[in-house]
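Below is one structure, written out as structure tokens; comments come after it.
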Amino acid sequence: MSNIATDNPGNFLTEQELAEIESEISHLPNRPSAAIDALKIVQSYRGWISDESLSAIATLLGMSAEELDGIATFYNLIYRQPVGEKVILYCDSVSCWLMDGDKVCKKIKQKLNVDYGETTADNKYTLLPVTCLGDCDHAPAMMVGDELHHDLTIDNIEEHLS
Amino acid sequence: MTDKPLTKNIIGFDGHTDLARYESLGGYAAVRKTIGRTDPDAVLELLKDANLRGRGGAGFPTGMKWSFVPKKEGNGHRYLVANADEMEPGTFKDRLLMEKDPHQLIEGMILSAYTISADVGYIFIRGEYHVAIARLQEAINAATASGLLGEHILDSEFSFRLHVHVSAGRYICGEETALLNSLEGKRATPRAKPPFPQVSGLWGRPTIVNNVETLCNVTHIVANGADWFKSLGLGVDGGTKLFGASGRVARPGCWELPMGTPIREILEEHAGGMAEGYQLKGFLPGGASTDFLTPEHLDVPMEYETVMQAGSRMGTGTMIILDDRSCAVGMIANLEKFFARESCGFCTPCREGLPWVQEILDRIEAGNGEPDDMDVLERQSQFIGAIGNTHCAHAPGAMEPLASGLKYFRDEFITHIEGKACPYQREV
């Protein structure tokens, strides 16, 4: 059975994606070593890693899709499902918890009408928990896309998500 | 000479230090006087003499770690890796160093690579640290353009190429052999030791992995000498340390202080004491995987041996404060949920034991605890907590706050179980 992504990754991945992945491979001792970098590159353009993306990358790196999926699903910043325009990485670690981070998170869930792992109906946000963001002196903290937001309270959370 | 070497370029300066500012404040002088001029073995002896100990949590002597790297033979690569995967809950020190003064880390890495004859370096940094990633890359580009990185550094025989590797997540990447697997593009499962990374690390080649703060210290030891470094500490260990406090203190923050500063001084003078209306109940001295200490330990000096004698570990030196209005059981349940989620799943006691512990704690916190639960928790903390029963230190680390929590806050557990409710009535 022919599969456009697996038979020829160049038919599926863009020239830009292929060039960036090859650039990573060029300073590594073997092609599979670029697995995580390649997943991140493709995700940066497409938002997530579809089965087709996974197959194309696996073929490009000379590994099985199953092996690559074992890597992709290990890492929490690789998304194997579609995500919203921005991912909210909400710190649920201990310092934020001590500063009522769980209460703020409950407010976020209510406001966005999502639970962890879900995307808002308007596709704007996906909410995920994350380990300590290293901003504990300004707890509670979260990432919205690439931006760090901190000193969150139940009262100011609206402005952080507007 | 400064008594705050790590933050001298950071304190009182709003921006981040670029190459011009760094050099104007004496930066890269240690590289200029050392590369191609000093025997690498002499630098190693200096580090050993200074007795710099790893600032990532374990406190292993850095010079000794480096001395296990075999003599250079042939032309194969040798690697130096900065562990910038700061993910220990409650720890916020390396981000400050990388965002505010990226060249300090790079200079420390050049000197360290020179000492162990490494030709390739990686800064393994967590993906959420976008600002630090951008500033490190900018700093590497500037240093390379100035001949401080790359081929034939300062026209010497020494070459060192430095890359920023942005991680894709998972706490276990902070374990140095898991980190190496991740750098190789694999699942971040810790490796069996031996062989140790110094002999067979990244792609089977000699490799040293050091924490960011450790590498930053190297610059100042080379610049100012071992005696100066040792004189900075108040007790047995030399140097300064980035200490911090988070939770319900008046002024949460991170401060560079002498190694051996008493815990009381950090909490009362620098953190301003407890926030109004809160009392100190206990604290984790150095991150999630350290044992609880209590107010009776406030006069313990923050250095490796003294905190160990008090029954805990200094860890990363950033303290997490448990106040009297927060539930100890709830806090420990939060910690164990984190550890269970972050298990790599390789070995059974960790993969199965941590979720078991978490489930019991959640049940007790929800008011559905049983008297037998205490025995199970005690047994688990001993069994999973014993080094050697698990593949790596993740699960034993997870048991440190549990075992010590059972010891110091036993009453709170019993109150939950007998009262069939959390007495803190914490509404979420």
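Taking into account only those residues within segment A:110-146 that are part of a helix (DSSP H, G or I) and surrounded by 15 or more Cβ atoms within 10 Å (Cβ to Cβ), which is farthest from the chain's Cα centre (by Cα)?
Our first condition is that a residue be part of a helix (DSSP H, G or I); within segment A:110-146, this holds for A:110-112, A:136-138.
Now drop any that are not surrounded by 15 or more Cβ atoms within 10 Å (Cβ to Cβ), which leaves A:112, A:136-138.
Working: A:Leu112: 19, A:Cys136: 22, A:Asp137: 25, A:His138: 24 Å.
Ranking the qualifying residues of segment A:110-146, first place goes to A:Asp137.
What is the residue count in segment B:214-236 for residues that are more than 17 Å from the chain's Cα centre (by Cα) and under 19 Å from B:Glu303 (Cα atoms)? I'd like the intermediate steps shown before the answer.
To start, the set of residues in segment B:214-236 that are more than 17 Å from the chain's Cα centre (by Cα) comprises B:219-236.
Those left that are additionally under 19 Å from B:Glu303 (Cα atoms): B:221, B:226-236.
Of the residues in that region, 12 qualify.
Going by the structure shown, is A:Leu60 outside the structural domain of A:Leu152 (by TED's automatic domain parsing) and not in a helix (DSSP H, G or I)?
The answer is no for A:Leu60.
How about segment B:344-390: which of its residues are of a type in the set (A, V, I, L, M) and either in contact with a Leu (Cβ under 8 Å, 6 or more places away or on another chain) or in a helix (DSSP H, G or I) (or both)?
B:Leu354, B:Val357, B:Ile360, B:Leu361, B:Ile364, B:Met374, B:Val376, B:Leu377, B:Ile384, listed by residue number.
If I filter segment A:83-98 for residues that are farther than 21 Å from B:His130 by Cα, away from chain B (no Cβ under 11 Å) and in a loop (DSSP other than H, G, I, E, B), do I get at least one hit?
No, segment A:83-98 has no match at all.
Just one of (1) away from every other protein chain (no Cβ under 14 Å); (2) assigned to a helix (DSSP H, G or I); (3) of a type in the set (Asp, Glu) trips up B:Asp237, so point out which.
Going through (1) away from every other protein chain (no Cβ under 14 Å); (2) assigned to a helix (DSSP H, G or I); (3) of a type in the set (Asp, Glu) one by one, B:Asp237 breaks only (2).
Given the condition of a type in the set (Lys, Arg), surrounded by fewer than 23 Cβ atoms within 10 Å (Cβ to Cβ) and either within 30 Å of A:Gly145 (Cβ to Cβ) or away from chain A (no Cβ under 14 Å) (or both), answer yes or no: does some residue in segment B:116-139 qualify?
Looking for residues that are of a type in the set (Lys, Arg), surrounded by fewer than 23 Cβ atoms within 10 Å (Cβ to Cβ) and either within 30 Å of A:Gly145 (Cβ to Cβ) or away from chain A (no Cβ under 14 Å) (or both), one finds at least one in segment B:116-139, hence yes.
For segment B:192-199, check the following and say yes or no: at least one residue is farther than 28 Å from B:Pro396 by Cβ and of a type in the set (S, T, N, Q).
Checking segment B:192-199: not a single residue is farther than 28 Å from B:Pro396 by Cβ and of a type in the set (S, T, N, Q).
For residues that are closer than 27 Å to A:Pro129 by Cα and surrounded by fewer than 24 Cβ atoms within 10 Å (Cβ to Cβ), scanning just segment B:297-327, find the one that is nearest to the other protein chains (Cβ to nearest Cβ).
As a first pass, look at segment B:297-327 and keep what is closer than 27 Å to A:Pro129 by Cα: B:315-327.
With the extra rule that they be surrounded by fewer than 24 Cβ atoms within 10 Å (Cβ to Cβ), the set shrinks to B:323-327.
On the way: B:Asp323: 7, B:Asp324: 12, B:Arg325: 10, B:Ser326: 6, B:Cys327: 10 Å.
Filtering first and then ranking leaves B:Ser326.
Is there a residue being out of contact with any Phe, Trp or Tyr (no Cβ under 9 Å at 6 or more places or on another chain), at pLDDT below 95 and of a type in the set (Ser, Thr, Tyr) anywhere in segment B:409-427?
Yes.
With the condition kept exactly as written, say whether any residue in segment A:18-40 is part of a loop (DSSP other than H, G, I, E, B), in contact (Cβ under 8 Å) with a residue 24 or more places away in the chain and crowded, with 16+ Cβ neighbours inside 10 Å.
no
Residues to consider are A:Tyr79, A:Tyr75; find the one that is within 12 Å of chain B (Cβ to nearest Cβ), aromatic (Phe, Trp, Tyr) and either assigned to a helix (DSSP H, G or I) or surrounded by fewer than 20 Cβ atoms within 10 Å (Cβ to Cβ) (or both). Explain how you work it out, then say what you get.
Values: A:Tyr75 fails: either assigned to a helix (DSSP H, G or I) or surrounded by fewer than 20 Cβ atoms within 10 Å (Cβ to Cβ) (or both).
Unique residue meeting the criteria: A:Tyr79.
State whether one or more residues within segment A:58-71 are within 30 Å of A:Asp115 (Cβ to Cβ), in contact (Cβ under 8 Å) with a residue 12 or more places away in the chain, crowded, with 23+ Cβ neighbours inside 10 Å and of a type outside the set (Val, Ile, Thr).
There is at least one residue in segment A:58-71 that is within 30 Å of A:Asp115 (Cβ to Cβ), in contact (Cβ under 8 Å) with a residue 12 or more places away in the chain, crowded, with 23+ Cβ neighbours inside 10 Å and of a type outside the set (Val, Ile, Thr).
The values are calculated or read from the model by the stated rules, or taken from the named source; none is laboratory data. The shown structure was predicted, so the numbers you read here are calculated from the model rather than taken from an experiment. Quick reminder, even Gly has a Cβ in these numbers, built from the backbone with ideal geometry, and neighbours come from all protein chains shown.
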